[in-house]
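Some notes on the structure that comes next.
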């Protein structure tokens, strides 16, 4: 009997697409990890994110908000007696010392990381979605729509972010939700301008003309063809924007218009500690270092992403 020759099955389009995406990610990661500073920043951010997620495993929220006046200004690496909720006492090691109310500074920094990360990711997600959508519409349609969107963007850019956020929070009142709204709104213009510029360079490309010729609607062209090709600069801007959002949140809290005490937040920790810098500098030093390291880490990641995603640098 003659054996039937088996013809190899054609590679499925989904498999080819998956392999292509995997290869693209491997190339991106290869380029990204060459930047050692960016990798160091990535590691620092991962540490802060893990601290934020598992903050309750390190210190309970009740413990870092309750006063232990007898241990006020305890220096770092001091073991002192603390009062428990059931009336008993226990020995506790203040690794980074205690603040003016005897609260553990390390515990408040860890729980403050949760607040800062939520603010950073939430506000930039909101600003990225709204700003990218407005920028894509302005760049694709042009005309009066573009004029209205871009003039509104120019007005927001004419006002310093911190002043505009101060005005919003002062008008609506200091609260976590109002803080998110203020920072989110002030972060939108950067995404609008960046997305519009990217769309203007793509909307007359041949693959867009081909999609129009095949009868694709404007919404499909924008969502499926234009916006995915504009993601590289948006991702870089989002990374840098998270750092700016965290800095804005700490600034507003420092001025008393953000997260209110006794809730742990790096900005209000600095505000409480500024009066005691002469004889308890650790109360100001460690929250300041936390802010500095996380802002620096996000900026290093942004630089690394820019280098890894820039098509001009791939040659």
(message) Being farther than 30 Å from residue 56 by Cα, in contact (Cβ under 8 Å) with a residue 12 or more places away in the chain and within 21 Å of the chain's Cα centre (by Cα) narrows it down to one residue among 115, 130; which is it?
(response) 130
(request) Test each condition in (1) surrounded by 14 or more Cβ atoms within 10 Å (Cβ to Cβ); (2) more than 20 Å from residue 130 (Cβ to Cβ) for residue 220 and report the one that comes out false. (result) (1)
(message) Looking at segment 50-78, I want the residues that are on the phi > 0 side of the Ramachandran plot and touching a residue at least 24 places away in the same chain (Cβ under 8 Å) and have a partner that is in a loop (DSSP other than H, G, I, E, B) and surrounded by 15 or more Cβ atoms within 10 Å (Cβ to Cβ) with Cβ atoms under 7 Å, at least 6 apart or on another chain. Which pairs are those?
(response) 73/100; 73/280
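Looking at the structure I just gave you, is residue 183 touching a helix residue (DSSP H, G or I) at 6+ places or on another chain (Cβ under 7 Å), more than 24 Å from residue 118 (Cβ to Cβ) and surrounded by 16 or more Cβ atoms within 10 Å (Cβ to Cβ)?
Taking the combined requirement at face value, the residue does not satisfy it.
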(request) Give 165, 170 a once-over and let me know the one that is over 20 Å from residue 126 (Cβ atoms), assigned to a helix (DSSP H, G or I) and either touching a strand residue (DSSP E or B) at 6+ places or on another chain (Cβ under 8 Å) or modelled with pLDDT under 90 (or both). (result) 170
(message) Which count do you get for residues in segment 244-274 that are in a loop (DSSP other than H, G, I, E, B) and in contact (Cβ under 8 Å) with a residue 40 or more places away in the chain?
(response) 10
(message) If a residue must be without any contact (Cβ under 8 Å) to a residue 60 or more places away in the chain, touching a helix residue (DSSP H, G or I) at 6+ places or on another chain (Cβ under 8 Å) and either over 23 Å from residue 233 (Cβ atoms) or not in a helix (DSSP H, G or I) (or both), how many such residues does segment 201-218 contain?
(response) 2
(message) Can you find a residue that is touching a residue at least 60 places away in the same chain (Cβ under 8 Å), buried (at least 21 other Cβ atoms within 10 Å of the Cβ), out of contact with any strand residue (DSSP E or B) (no Cβ under 6 Å at 6 or more places or on another chain) and under 25 Å from residue 26 (Cβ atoms) anywhere in segment 279-295?
(response) no
(request) Check segment 71-83 and report whether any residue there is in contact with a helix residue (DSSP H, G or I) (Cβ under 9 Å, 6 or more places away or on another chain), loosely packed, with under 13 Cβ neighbours inside 10 Å, more than 30 Å from residue 298 (Cβ to Cβ) and at pLDDT below 90. (result) yes
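Scan segment 105-125 and tell me whether some residue there is at positive phi and surrounded by fewer than 16 Cβ atoms within 10 Å (Cβ to Cβ).
Checked against the condition, which is being at positive phi and surrounded by fewer than 16 Cβ atoms within 10 Å (Cβ to Cβ), segment 105-125 yields no hits at all.
The values are calculated or read from the model by the stated rules, or taken from the named source; none is laboratory data. No experiment lies behind these values; they were computed from the predicted model shown. No Cβ is skipped: glycine too gets one built from the backbone with ideal geometry, and neighbour counts run over all protein chains shown.
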